[in-house]
Amino acid sequence: MGRKKRALQLGVALGAVLGVTLGAIVGMGSFTFIYADGASYMFDDPMTCANCHIMNDHYDSWIKSSHQNVATCNDCHTPEGFFHKYLIKAVNGYNHSLAFTTGNFPEPIRIREFNREITENACRKCHSDIVQGIDAHTEPLGALSCIRCHDGVGHMR
């Protein structure tokens, strides 16, 4: 009987620790989501990207850019398809919140390589007629990078 009682007490203690830990994670996650207006990131409103003051210059430059009337932030910075779009939004949201909370990011901010590829693919999709003509003449060299030469188009310098 003593062994069963100890096992039960251990189970209750582990359950309590697990419950408190889970509660803390859910509580902090919920607070952060509400404080950071997390629901706004589920949509395509470019103002959402200016929720963080570090993005104000990017938002302001987009307003003045040639893309302001034809593309939102998500058109250029998330891949096609519901699943892929929201997966990248979640990954970037986590990375951005971690970087901005800890202050561990370069200034001026820089696009990561996998996000650069997403943006490059978006350029190629929207401007496919132009890109195909250019790529046809650069065949031996391989495809050129749109954003290497046109990095100030969506966000003016």
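One table, with the values for the structure above:
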| item | result |
| --- | --- |
| At R0 = 41 Å, FRET efficiency that the Cβ-Cβ distance of Val153 and Ile34 yields, to 0.05 | 0.70 |
| Asn104 versus Leu22: modelled label distance in nm, points set 7 Å from Cα along the beta carbon direction | 2.9 |
| Sites Arg116 and Leu14 - FRET efficiency at Förster radius 30 Å, r taken between beta-carbons, to 0.05 | 0.10 |
| Computed E for Met42/Arg3 - FRET, C-beta separation, R0 35 angstrom, nearest 0.05 | 0.10 |
| Reach of Lys85 by Cα under 17 Å, taken over lysines that are not fewer than 8 positions away in the same chain | Lys125 |
| Residue-count net charge about Thr48 - beta-carbon cut-off 11 Å; Lys, Arg +1, Asp, Glu -1 | -2 |
| Among Glu120, Glu80, Glu107: highest mean-square fluctuation, GNM of the chain, C-alpha pairs under 10 Å | Glu107 |
| Using alpha-carbon coordinates, inclination of helix 113-126 to the longest axis of the chain, degrees | 50 |
| Charged-residue dipole, Cβ positions (Lys, Arg, Asp, Glu), the stretch 8-157 about Cα centre, Debye nearest 20 | 260 |
| Contour excess over end-to-end distance, with Cα ends at Cys126 and Glu80 and 0.36 nm allotted per residue | 15.4 nm |
| With Cα atoms, 0 to 90° folded angle of helix 82-102 axis to the chain main axis | 70 |
| The chain: calculated mean residue ellipticity at 222 nm from DSSP helix runs of at least 4, using -39500 (n - 2.57) | -19500 deg cm²/dmol |
| 0 to 90° range, to nearest 10: angle between helix 2-35 axis and the chain longest Cα axis | 30 |
| Cβ-based charge dipole, the stretch 1-111, positive-most Cα from Val91, Val17, Pro106 | Val17 |
| Mean separation of Cα contacts under 8 Å, 6 or more apart, over the residue count of the stretch 39-149: relative contact order % | 22 |
| Answer label, with Rg/Rh (Cα atoms, Kirkwood Rh) calculated from the coordinates and candidates (i) 0.97; (ii) 1.12; (iii) 1.20 | (iii) |
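Any read-out appearing in this document is the output of simple, stated calculations on the displayed coordinates, not a laboratory observation. Owing to the predicted nature of the structure, the values given are computational and were not obtained by experimental measurement. With ideal geometry, Cβ positions are generated from the backbone for all residues, glycine too; neighbour counts draw on all protein chains shown.
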